[in-house]
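What follows is a set of notes on a single structure, which appears directly below.
The values are calculated or read from the model by the stated rules, or taken from the named source; none is laboratory data. Just so we're clear, the structure is a prediction, and the values are computed from it rather than from any experiment. Cβ placement follows ideal geometry from the backbone for every residue including glycine, while neighbour counts extend to all protein chains displayed. Protein only, heavy atoms only, side chains kept; ligands, DNA and RNA dropped before computing areas. Shrake-Rupley method; radii C 1.70, N 1.55, O 1.52, S 1.80 Å.
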Amino acid sequence: MNFLTKGWAGIEGQFQINWDLLNTCLQFTLWGIFSLLLAEVVRDSYHALCHQFTWLSKWHNKHHMAYRRDLSIVSPKIYQESQLYNDIVESSILVVIVTIVALLLNQMGFWLGVAYAFTFLYGASRRYFLGKIDTDYTHLPGPLETIPSAWWVNRSYHWRHHFDDVNAYYSGVFPLVDTILGTGLSLKGKTIALTGASGTLGQALAAELLKHNAKVVALTTHPEKLQVQDKLAVISWQLGNEADLRNSLEKVDILILNHGINVYTSRTPEAINSSYEVNTFSTLRLMDIFISTVTGPQSKATKEIWVNTSEAEVSPALSPLYELSKRALGEIVTLKRLDGDCIIRKLILGPFKSQLNPYGVMSAQQVASAILFLAKRDFRNIVVTINPLTYLLFPVKETSTWLYYQIFSKKAKNE
């Protein structure tokens, strides 16, 4: 025992933790992270203010005048002016504010934010004095080959600020401010097609979309239940005839797939077939048709699909065939996301009162409002439920499934 005790004491002495050093490093890291977040908020808030105040917009508009729709430069002179009156001014203000805060706080870690702020001033100076565009990452010319990123601002994300809605998509590097302000997705003027439009949630979603100045195309198998009104068109379709909708979907920006059935306790062959045909295969056919319309140099930036896969992906719905068919749909949607054809959002919805579920505890109006609240903040997985476990289980399930499919599947080569 003496030998073991001495040996352990020797090991403990060799690996003694310096708590003061650890605490200093931790403080430095936390202050550094805070400084980076503050720099992002200050920079993007200034950008948002430029679109609210005329005396700021006069300078900022030079930035918008410098680019064509393919992000090529209109002229070297206009581009240079945009760097002087917008980028250099913006980055100089950022440097001043973050430096003042660093001096007041007197925390070493906060100077990381100051260094970060200076990188923007350095890039803007290179573009102005040397005419270099290599640091202008979000404005490099050419077709948009990737979808807007959910984690950082890429070319497709920022393109939308210039040519989709100038009063949205304010973020420059990370979409933090857009998440806070609800400007990560603009619905204004968008043409949005909606299946299951005559259902309880469908009607609630249509009403909310109209409030956001969108144009709604109601796709329904029961057109007699809907009335045509301003900015709302009704198109009839039948299960199995999804291909007939292709011409209509060509002009659509966002397709919301919301139709479905619930056979409750039934497990007959007919119930099995209808559950999968409506809840899974019809939805997938419409997805494929819509994806085939994602063509053109900027379509990846504007086209989206929202799929109502429901909370049944991770929780029981007291209806086995509903769960099975919705889970199958959810798994394939996760698989399709890997191809990056367009943004695909999942709607993970808990029980709301409707014809499919008369015992739902939420109202369709509440659910529809919450869906748009989160979509405008660019959430790709929109969870709306009263069940707290879903908020924990779904991210784990979705991440592990995505990783598995990423490793063990690959996109078919069409070329």
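Descriptive notes on the structure:
- Kirkwood-type hydrodynamic radius, region 216-358: 16.1 Å, calculated from all non-identical alpha-carbon pairs.
- Where both bridge residues fall in the chain, DSSP classifies roughly 5% of the beta bridges as antiparallel.
- Computed helical MRE - 222 nm, the chain, DSSP H runs ≥ 4 contributing -39500 (n - 2.57), nearest 500: -15500 deg cm²/dmol
- C-alpha center-to-center spacing [region 53-101, region 240-309] in angstrom: 42 Å
- Å² per residue, accessible surface of region 157-243 at 1.4 Å: 40 Å²
- Estimated at the nearest 10 Å², the accessible area of V41 is 50 Å² with a 1.4 Å probe.
- Positive-end residue, region 169-310 charge dipole about Cα centroid, Cβ charges, pick of L176, F290, L255: L176
- Rg and Dmax of region 115-163, both derived from C-alpha coordinates alone, stand at 12.3, 33 Å.
- Estimated translational D of region 233-287 in µm²/s (Stokes, Kirkwood radius over Cα pairs; 20 °C; 1.002 mPa s): 170 µm²/s
- Accessible surface of the chain [probe 1.4 Å, protein heavy atoms]: carbon and sulfur percent: 63 percent
- Region 48-112: Rg to Rh, with Rh as the Kirkwood radius over Cα pairs: 1.15
- Over 26 Å between alpha carbons, listed pairs K303/K410; K231/K411; K77/K188; K215/K410; K376/K397; K231/K303: K231/K411; K77/K188; K215/K410
- Overall dimensions of the chain, expressed as equivalent-ellipsoid semi-axes from the Cα gyration tensor (√(5λ), whole Å, largest first), are 43, 33, 19.
- Within the assembled protein chains, the solvent-accessible surface assigned to E270 is about 130 Å², based on a 1.4 Å probe.
- Between 0 and 90°, nearest 10: helix 111-129 axis offset from the chain longest Cα axis: 90 degrees
- Long-range tail of P(r) for region 368-415 (Cα pairs > 13 Å, %): 68 percent
- Low-density loop cleavage sites - chymotrypsin sites (Phe, Trp or Tyr not before Pro) in region 311-395, where at most 12 other Cβ are within 10 Å (DSSP): Y359
- Average accessible surface area per residue within region 102-155, 1.4 Å rolling probe, Å²: 60 Å²
- Student exercise, the chain dipole from Lys, Arg, Asp, Glu Cβ charges, in Debye to nearest 20: 400 debye
- Stokes-Einstein diffusion coefficient of region 197-299, Kirkwood radius over Cα pairs, 25 °C, 0.890 mPa s, in µm²/s: 164 µm²/s
- From largest to smallest, the equivalent ellipsoid semi-axes obtained for region 276-415 from the alpha-carbon gyration tensor read 26, 17, 15 Å.
- Rounded if a/c under 1.5, otherwise prolate or oblate - region 300-373, Cα gyration tensor axes: oblate
- Where Rh is the Kirkwood radius over Cα pairs, Rg/Rh for region 200-252: 0.96
- Cα gyration tensor, region 135-233 - rounded (a/c under 1.5), prolate or oblate: prolate
- Calculated P(r) of region 19-89 - Cα pairs past 21 Å, %: 48 percent
- Principal-axis analysis of the Cα atoms of the chain puts helix 320-337 at an angle of about 40° to the longest axis.
- For C25, solvent-accessible area (1.4 Å; no DNA, RNA or ligand), Å²: 70 Å²
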